[in-house]
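Bear in mind that the values in this text are calculations on the coordinates, not laboratory data. Just so it is clear, the structure is predicted and the values come from calculations on it, not from any experiment. Heads up, the Cβs are rebuilt from the backbone with ideal geometry, glycines too, and the neighbour counts pull from every protein chain shown.
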Amino acid sequence: MNARYPLYKLGSLSVLAVAIALAGCAAAPEYKKPEVGMPQAWQSTSPFREAVPGDHALKGNWWELFQDEELNRLEQLVATQNQNLQIAAARLEQARAQVSVSAAGLFPQVGLQAGAARQKTSADRPLSAYGTTIQSTVQNNVQLGFAVNYEADLFGRVRSTVASAKASSEQAAADFENTRLVLASELAADYFNLRALDAEIDVVHQGITLQKKALEFISARHELGAASGLDLAQQQATLDTSKTQLELLRNRRAQYEHALATMTGTPAPSFRLEPALVKMSPPAVPVGLPSDVLQRRPDVAAAERAIAAANANIGVARSAYFPTILLGANGGWDSTQMSNLLSAPSLLWSLGASLTQTLFDAGKTSATVKISEASYTASVAGYRQSVLVAMQEVEDGIYGLTTLGNAGKQAEASVRSSQRVLDLANDRYTGGLDTYLDVITAQQALLNNQRQNVQIRGQQMLTSVYLIKALGGGWEAGSLQAAK
């Protein structure tokens, strides 16, 4: 063996083997997506249609499920004019550019240098050797050269940095999608809050119209002596209360209108959304399986990518235990005359390598590794927490729509019953069988039940929006790969 492999070659092979072994120690741990316990089904999906293959996920512009052209228009404005979305898009561009910055470390860095100078040396400068005569000289110095530098990434520092940057870029992409989903759902929620107030304002306005007619009726009876001043005052107080409530509702509507203006990137004084009575019927939402949220929630995807970045950062921290090896090459020409610059005597070059190893840093490297490992542990916990929150939000949406559907039916029955009570109270008062206080009570009960019915329908729309948001909207985790 020794005759075939000289000792210096065996030594070189040994050094190479040790370097490879050390590189394996420095590399980041193999990344594995953390396991999370997922239930097999939601607790209740009775009001939802069962998803079929290819139909369990919401597609693209999920707000179009509500079939409201005004909502569609506002959502498009959010997508193009919302400033928070512009911030998120800029951060995504930064993260993607950082991948290119990190990946540049995998390749040699090449530089070019050129210069020309005319200089005079001093006749009184210190002697470089005894017995020599110092003279002042004036001469030119023309240089042209290049340099190549490369870090031999034997211990994976650069590769781990690139892996971390890529995972962070994918996290930024998921954060951008989550920002877009949050803004779209917030706009839809504010829009349906405003439309619910339009419906409630209409109910109160109708109640005021009826109360005004009742006041005219009582006034006429009072002038004839058939009604007391108390009856007249009670009806006037009821009317004034309803007018106060109407003004408060209008104030709340204006606040939602101003919020919509800001979300669509429009100055509030320039934005106007005319009152309208829209269909307040929640769409059928295909909820799919609990495991789907892992693929369909951008915030969950962002949390998982944060784990991958933290895992790669462990490799970056570990690489500080091992040497940094730099390879360099320099070359060029140096002459006192431009005409002789590219001649053979003017040629100069150098090749070299350097190795830098920290021998003592008072535990700094070990502490840095512990910090990266703790960051990884925290990222895993954050991911699992995001999954738990997703499960909670979907269950809240499913249960909420179920109970609100039942409450809506009861509220409609209450409105019908209240209307019958008011008709009977008016008849009995006109016939002299009851006091007007019974009529006032019936009026208030009807108005309250009508308002409650409208409020429940508004809550149904909001819950539908929040359920769609909880399911991830129209986003899929596969788009992260497509965005690379």
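For the chain, what does the helix formula give at 222 nm: sum of -39500 (n - 2.57) over DSSP H segments with n ≥ 4, over the residue count, nearest 500 deg cm²/dmol?
-21500 deg cm²/dmol
By how many degrees, between 0 and 90 and to the nearest 10, does the Cα long axis of helix 436-470 differ from the longest principal axis of the chain?
The answer is roughly 20 degrees.
Would you please give the residues with an amide H less than 5 Å from that of V285, counting only those at least 5 places away or on a separate chain, with H modeled from the backbone geometry?
R49
List the residues whose amide H sits under 5 Å from the amide H of D434, counting only those 5 or more places along or on another chain, with H placed 1.01 Å from N in the peptide plane.
Y429
Which peptide among 106-115, 316-325, 419-428 comes first, and what is the full order, when sorted by highest mean count of other Cβ atoms within 10 Å?
Working: 106-115: 11.1, 316-325: 19.5, 419-428: 16.0.
Listed from highest to lowest mean packing, they are 316-325, 419-428, 106-115.
List, in order, the whole-Hz ³J(HN,Hα) value for each residue of the stretch 354-359 obtained from phi through the Karplus relation with A = 6.51, B = -1.76, C = 1.60 and θ = phi - 60°; use x for Gly and Pro.
Once rounded to whole Hz, the list reads 9, 10, 10, 9, 6, 9.
Quick one: Karplus J couplings for the stretch 31-38, per residue in order, coefficients 6.51, -1.76, 1.60, θ = phi - 60°, nearest Hz, x for Gly and Pro?
Values, residue by residue: 7, 10, 4, x, 7, 10, x, 10 Hz.
Any of K243/K409; K33/K364; K32/K370; K32/K469; K370/K469 with alpha carbons more than 26 Å apart? Name them for me.
Listed pairs above 26 Å: K243/K409; K33/K364; K32/K469; K370/K469.
Which residues does a label at A116 reach in the stretch 322-339, if reach means a backbone N under 19 Å from a point 7 Å past the Cα toward the Cβ?
Output list for this probe position: 332-339.
Out of every Cα-Cα pair in the chain, what percent are more than 45 Å apart?
Result for the distance tail: 47 percent.
Under a crude label model (7 Å from the Cα following the beta-carbon direction), how far is T435 from N141 in nanometres?
For T435 paired with N141, the spin-label model returns 11.1 nm.
Quick one: go through the stretch 128-161 and flag any residue whose amide nitrogen is under 19 Å from the point 7 Å out along the Cα-to-Cβ line of E30.
Inside the label zone: 156, 160.
Once the Cβ-Cβ distance between L326 and S219 is put in as r, and R0 is 56 Å, what FRET efficiency do you end up with, to the nearest 0.05?
In this case the efficiency is close to 0.05.
In degrees from 0 to 90, rounded to the nearest 10, what is the angle of the helix 229-263 Cα long axis to the longest principal axis of the chain?
Between the helix axis and the principal axis of the chain, the angle is about 20 degrees.
Take each of the peptides 253-264, 137-148, average the number of other beta-carbon atoms within 10 Å over its residues, and list them starting from the highest. Don't skip to the end; give the middle numbers.
Details: 253-264: 18.2, 137-148: 13.8.
My ranking of the peptides, most packed first, is 253-264, 137-148.
Using the Karplus curve 6.51 cos²θ - 1.76 cosθ + 1.60 with θ = phi - 60°, work out ³J(HN,Hα) for each residue of the stretch 326-340 in order, rounded to whole Hz, and write x for Gly and Pro.
Result, rounded to whole Hz: 10, 10, x, 9, 10, x, x, 9, 9, 8, 8, 9, 4, 5, 9.
Mind pulling the angle between the C-alpha long axis of helix 298-318 and the longest principal axis of the chain? Nearest 10 degrees, somewhere in 0 to 90.
Around 20 degrees separate the two axes.
Applying a 10 Å radius around every beta-carbon, put 429-436, 302-309 in order of their mean neighbour count, most first. Kindly include the intermediate steps, with their values, before the conclusion.
Values: 429-436: 14.4, 302-309: 23.5.
By packing density, highest mean first, the sequence is 302-309, 429-436.
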